[in-house]
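What follows is calculated from the coordinates using simple rules that are stated; it is not laboratory data. What you are looking at is a predicted structure, and each value in this text was computed from that prediction instead of being measured. We place every Cβ from the backbone using ideal geometry, glycine too, and count neighbours over all the protein chains shown.
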Amino acid sequence: MSVTVRVPAKVNVQLAVGAARPDGYHDLANVFLAVGLYDEVTVSPADELRVTCEGPDADQVPLDRGNLAARAAIALAERRGIAPTVHLHIAKDIPVAGGMAGGSADGAGALLACNALWNAGASRAELLAICAELGSDVPFSLVGGAALGIGRGERLTALETGGTFHWVFAMAGRGLSTPAVFREFDRLAEGREIPGPVASPDLLEALAKGDPEALAAAVSNDLQPAALSLFPELADTLDAGRAAGALTALVSGSGPTTAFLVRDPGTAEKVARALRGSGTCRTVRTAAGPVAGATVV
């Protein structure tokens, strides 16, 4: 017997970042949108905990107990007093180290799959609590849709969306470390007073109305200057997408994936073609959202 769970990628339509806290984290106002690029995590009984991975950039995915999928299985097993003797197989389609929560998706997928395989009976609230322990983005990977995350991003409030938003994503030729981007954010912020992070009312209204032009005018990412400081070539990708007809362009989360909001699927294909021919990125994907979170398939 095995259980497979499909989990989506995310894009941050707003990422407001507060000053560093004493614990090293930053308070966030993080508006997540789940989009239709997916990893699938299949869990089956085994003699010992084992992780395998296939798909684009699978060679960059750690296969030890530090993998978020493995950590999720261990966390649930410890709560139930059982051994985490499972084979976790990840079919990767979310970009690796791309700021789209691929690792977090795998953690949420493994948690939901193990809960089903073991008949562990964990409630939604318990699963979300485990997700929050695993990482700031993991709870959203479980719930999907659209949500505002506060605290480290792990305390979620579901948001209303009035339609489908179409996106193009350009994957860079190398990764960016999230901790390094936050360190660069802190360095760039030295000597400045950083306001507390709050969600943009205009952005929340644009999401609720399903209005891509209004959303394009309201998106923001406080980590973008830090990501561009560490990876200046991303500016060329952003410029190429805007020139091709995107309503707006931004770095997704901590990067280095760049995200382009467009009016419709036809424009998405046009922008994707232009980006593929621009020489500024490695691969290009199109996707729409919101979509559901982790789901047993």
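So which of G81, G107, G102, G24 is closer than 25 Å to A125 by Cα and surrounded by fewer than 16 Cβ atoms within 10 Å (Cβ to Cβ)? Full working, then the answer.
Details: G107 fails: surrounded by fewer than 16 Cβ atoms within 10 Å (Cβ to Cβ); G102 fails: surrounded by fewer than 16 Cβ atoms within 10 Å (Cβ to Cβ); G24 fails: closer than 25 Å to A125 by Cα.
When all the criteria are applied, what remains is G81.
Taking region 84-99 as the search range and keeping residues that are more than 23 Å from R174 (Cα to Cα) and crowded, with 24+ Cβ neighbours inside 10 Å, which one is nearest to the chain's Cα centre (by Cα)? Steps first, answer last, please.
Filtering region 84-99 down to residues more than 23 Å from R174 (Cα to Cα) leaves 84-89.
This time we only want the ones that are crowded, with 24+ Cβ neighbours inside 10 Å, so: 86, 88.
Values: V86: 25, L88: 20 Å.
So, considering only residues that are more than 23 Å from R174 (Cα to Cα) and crowded, with 24+ Cβ neighbours inside 10 Å, the one nearest to the chain's Cα centre (by Cα) is L88.
Return the total of residues in region 150-187 being hydrophobic (A, V, I, L, M, F, W, C), under 13 Å from G24 (Cα atoms) and free of Cβ contacts under 8 Å to residues at least 60 places away in the same chain.
1
Read through the list (1) free of Cβ contacts under 8 Å to residues at least 60 places away in the same chain; (2) buried (at least 18 other Cβ atoms within 10 Å of the Cβ); (3) of a type in the set (S, T, Y), then give the number of the only condition that S141 fails.
(1)
Any residue in region 62-76 that is in contact with a strand residue (DSSP E or B) (Cβ under 7 Å, 6 or more places away or on another chain), of a type in the set (V, I, T) and at negative phi?
no
Can you give me the number of residues within region 42-79 that are under 10 Å from L111 (Cα atoms) and among the β-branched types (V, I, T)?
2
Take T42 and tell me if it is β-branched (V, I, T), surrounded by 15 or more Cβ atoms within 10 Å (Cβ to Cβ) and in contact with a His (Cβ under 6 Å, 6 or more places away or on another chain). Spell out how you get there, then give the answer.
On the way: β-branched (V, I, T): yes; surrounded by 15 or more Cβ atoms within 10 Å (Cβ to Cβ): yes; in contact with a His (Cβ under 6 Å, 6 or more places away or on another chain): yes.
So T42 passes the test.
Could you grab me the full set of residues in region 19-72 that are under 21 Å from M1 (Cα atoms) and under 20 Å from the mean Cα position of the chain (by Cα)?
Initial filter on region 19-72 (under 21 Å from M1 (Cα atoms)): 39-54, 69-70, 72.
Scanning region 19-72 gives D39, E40, V41, T42, C53, E54, A69, A70, A72.
State all residues of region 1-18 that are within 18 Å of the chain's Cα centre (by Cα) and of a type in the set (G, A, S); if no residue qualifies, say none.
Just the residues of region 1-18 that are within 18 Å of the chain's Cα centre (by Cα), to begin with: 5-17.
Correct list: A9, A16.
Does L176 satisfy the criteria of being buried (at least 19 other Cβ atoms within 10 Å of the Cβ) and outside any helix (DSSP H, G or I)? Spell out the reasoning first.
Numbers: buried (at least 19 other Cβ atoms within 10 Å of the Cβ): yes; outside any helix (DSSP H, G or I): yes.
So L176 fits the description; yes.
Quick check on L148: is it hydrophobic (A, V, I, L, M, F, W, C), part of a helix (DSSP H, G or I) and over 26 Å from V271 (Cβ atoms)?
Answer is no for this residue.
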